[in-house]
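**Q** Before anything else, here's the structure in question.
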Amino acid sequence: MKTNEVLLEIKGLHKRYDEIIALDDINLNINKGEVVVILGPSGCGKSTLLRCLNGLEKVHGGDIRYRGKSLVNNDVNWQEIRQHIGMVFQNYELFPHMTVIENIILGPAKVQKRDKSEVMEQAKQLLERVGLFDRKDSYPRQLSGGQRQRIAIVRALCMNPEIMLFDEVTAALDPEMVREVLDVILGLAKQGMTMVIVTHEMSFARAVADKIVFLDKGRICEISEPNEFFTNPKTERAQQFLNIFQY
Amino acid sequence: MGLNWQFITDSLPLYREAAWTTLKLGFWGILISLIIGLVCSIILYFRVKVLKTIVKVYIELSRNTPLLIQLFFLYFGLTKVGISLSENTCAIIGLSFLGGSYMAEAFRSGLEAVSKSQIESGLSIGLSKTQLVRYVVLPQAFSVAVPSIGANCIFLLKETSIVGAIAVVDLMNVTKDLIGMYYQTFEALFMLVAVYFIMILPLSLLLTWLERKVRYAEFGN
């Protein structure tokens, strides 16, 4: 599904927290239809990189371009950009005071000002796809972690984004619920959704990725095809990292 | 010792009228307090320049001076600068001045309880700042703040018993008059306690119900 059309262009991206350098000279292109998986040890800057792409972190140098438009100057209209770049968080972050369906239609109705019946129809289809249509009037607290995360994905999808960002979306889940969430993401990949995924699920990364980006200490160590990365990583650091996952 | 029922029946209309006055003062006092509190807490939450300092000074001034003295200042003090307000207006301003800061603190605790990640979640679906406050921050903050807002409402309604000091014909004032005129101290005070209890108990129950109703914030997201 990967095309040659570049959607996101990250050039020399630099980000620090006070004295600590979080991201250092990150260069990465994300093409339309491409699934990019970012791997790396804890604290290597994976989530920070993802958050920069959604305007949740201030960038200190370099450039991020979405369809050629820079996202790092002060007059970026993030309300507009975020409709095209959706994000799903580790801890679901559904709104606890709203039902499932209210959570889903808030953005389309209030931000995109779309017709309510049309949004409801789309929400219905998406909910059916993740098998949760019968829970549309439940509150998040009445759902399991896996169900909440699938709802969070639907909430982001209902905005019709062009790119989806997944920030360790299975890290907070019980093992038996990981699968149901990953299956949804895999389904999206098959449909050609452009995605940037941060995860610790190695076999999932291998199955879903078009490109593996390995990050360490805020720098990109290597960018490889998944098969190559998992069988024959180019760098020693990546080899060390992969060894941790072998028993 | 028997109660003087004749006295109680005779004075009932006076108590009813005074109770009505107290309720009116309490209602306006609480309503305006809520508005002041909400506005102040939002100013503090967004750290609005200049206004933030004014709000802080107001809160300290309001919380660290007794209501009785605030009322005396409004009623007797302001005449010096040519402002003379009716006793009821003074009572409402006094209650709101005091209640506003308590409500502001209650709302602030609620606002601060809304997690940063919930705000990011709202931002990530493209909500504007105003939409974020309206649909995400305030409902969750309210849910956390309801118990303290409720306590403040009851506190303010009780505090109305002090406004008799500036000649408002409230329950306390009526009671004192009746004691002075008829020496039926026990009956008069008994009525006073009973009327306050009858007014505040339903409010208490209503607030408990509301607390349960909006408790969603303490559950998972």
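**Q** Looking only at region A:96-108, which residues are among the hydrophobic types (A, V, I, L, M, F, W, C) and either at pLDDT below 95 or within 18 Å of the chain's Cα centre (by Cα) (or both)?
**A** If the condition is that a residue be among the hydrophobic types (A, V, I, L, M, F, W, C) and either at pLDDT below 95 or within 18 Å of the chain's Cα centre (by Cα) (or both), then A:98, A:104 are the ones that fit.
**Q** So which pairs qualify, if the first residue must be in region B:48-77 and charged (D, E, K, R), the second must be at pLDDT 90 or above and not in a loop (DSSP other than H, G, I, E, B), the Cβ gap must be under 6 Å, and the two must be at least 6 apart or on different chains?
**A** So the pair list comes out as B:52/B:43; B:63/B:101.
**Q** Can you tell me which residue is nearest to residue B:194 (Cα to Cα) among those in region B:143-161 that are surrounded by 20 or more Cβ atoms within 10 Å (Cβ to Cβ) and of a type in the set (A, V, I, L, M, F, W, C)?
**A** Here the residue is B:157.
**Q** Let me confirm something: among A:69, A:58, A:46, which residue is at pLDDT below 95 and either among the polar types (S, T, N, Q) or crowded, with 21+ Cβ neighbours inside 10 Å (or both)?
**A** A:46
**Q** Looking at region A:63-82 only, could you name the residues that are closer than 17 Å to residue B:120 by Cβ and either under 14 Å from the mean Cα position of the chain (by Cα) or outside any helix (DSSP H, G or I) (or both)?
**A** Selection gives A:71, A:76, A:82.
**Q** Do we find a residue being out of contact with any helix residue (DSSP H, G or I) (no Cβ under 9 Å at 6 or more places or on another chain) and of a type in the set (Gly, Ala, Ser) anywhere in region A:183-197?
**A** There is at least one residue in region A:183-197 that is out of contact with any helix residue (DSSP H, G or I) (no Cβ under 9 Å at 6 or more places or on another chain) and of a type in the set (Gly, Ala, Ser).
**Q** Take the residues in region A:70-87 that are charged (D, E, K, R) and without any contact (Cβ under 8 Å) to a residue 12 or more places away in the chain, then tell me which one is nearest to the other protein chains (Cβ to nearest Cβ).
**A** Once the filter is applied, the top-ranked residue is A:80.
**Q** Select, from A:185, A:212, A:244, A:220, the only residue that is out of contact with any Gly (no Cβ under 7 Å at 6 or more places or on another chain), among the hydrophobic types (A, V, I, L, M, F, W, C) and modelled with pLDDT under 90.
**A** Going through A:185, A:212, A:244, A:220 in turn, the sole match is A:244.
**Q** Restricting to region A:114-148, count the residues that are within 11 Å of another protein chain (Cβ to nearest Cβ) and either in a helix (DSSP H, G or I) or under 21 Å from residue B:136 (Cβ atoms) (or both).
**A** The number of residues fulfilling the criteria is 7.
**Q** Can I ask one more? Out of B:98, B:68, which single residue is under 13 Å from the mean Cα position of the chain (by Cα) and hydrophobic (A, V, I, L, M, F, W, C)?
**A** Exactly one of B:98, B:68 is under 13 Å from the mean Cα position of the chain (by Cα) and hydrophobic (A, V, I, L, M, F, W, C), namely B:98.
**Q** Related question: Go through region B:108-125 and report how many residues are within 21 Å of residue B:54 (Cβ to Cβ) and either at pLDDT 95 or above or in contact with a Lys or Arg (Cβ under 8 Å, 6 or more places away or on another chain) (or both).
**A** Of the residues in that region, 0 qualify.
**Q** Now a separate question. With in a helix (DSSP H, G or I), in contact with a Ser or Thr (Cβ under 9 Å, 6 or more places away or on another chain) and of a type in the set (Phe, Trp, Tyr) as the only criterion, which of B:73, B:7 stands out?
**A** Within the list B:73, B:7, the selection yields B:73.
**Q** Let me ask another. Restricting to region A:19-38, name every residue that is among the hydrophobic types (A, V, I, L, M, F, W, C) and over 20 Å from residue A:2 (Cα atoms).
**A** A:20, A:21, A:22, A:23, A:26
**Q** Given (1) more than 14 Å from chain B (Cβ to nearest Cβ); (2) without any contact (Cβ under 8 Å) to a residue 40 or more places away in the chain; (3) assigned to a loop (DSSP other than H, G, I, E, B); (4) not hydroxyl-bearing (Ser, Thr, Tyr), identify the lone condition not met by residue A:33.
**A** Unmet condition: (2).
**Q** So for region A:127-144 (the condition being of a type in the set (Phe, Trp, Tyr), under 20 Å from the mean Cα position of the chain (by Cα) and modelled with pLDDT of 95 or more), does at least one residue qualify?
**A** The answer is no, given that none of the residues of region A:127-144 is of a type in the set (Phe, Trp, Tyr), under 20 Å from the mean Cα position of the chain (by Cα) and modelled with pLDDT of 95 or more.
**Q** I'd like to verify a number: residues in region B:10-69 that are within 27 Å of residue B:87 (Cβ to Cβ) and in a loop (DSSP other than H, G, I, E, B), how many?
**A** Summing the residues that are within 27 Å of residue B:87 (Cβ to Cβ) and in a loop (DSSP other than H, G, I, E, B) in region B:10-69 gives 3.
**Q** Residue by residue through region A:99-113, note down the ones that are assigned to a helix (DSSP H, G or I) and either within 13 Å of chain B (Cβ to nearest Cβ) or in contact with a strand residue (DSSP E or B) (Cβ under 6 Å, 6 or more places away or on another chain) (or both).
**A** A:100, A:102, A:103, A:104, A:105, A:106, A:107, A:108, A:109, A:110, A:111
The values are calculated or read from the model by the stated rules, or taken from the named source; none is laboratory data. Nothing here was measured: the structure is a model prediction, and the numbers come from that model. No Cβ is skipped: glycine too gets one built from the backbone with ideal geometry, and neighbour counts run over all protein chains shown.
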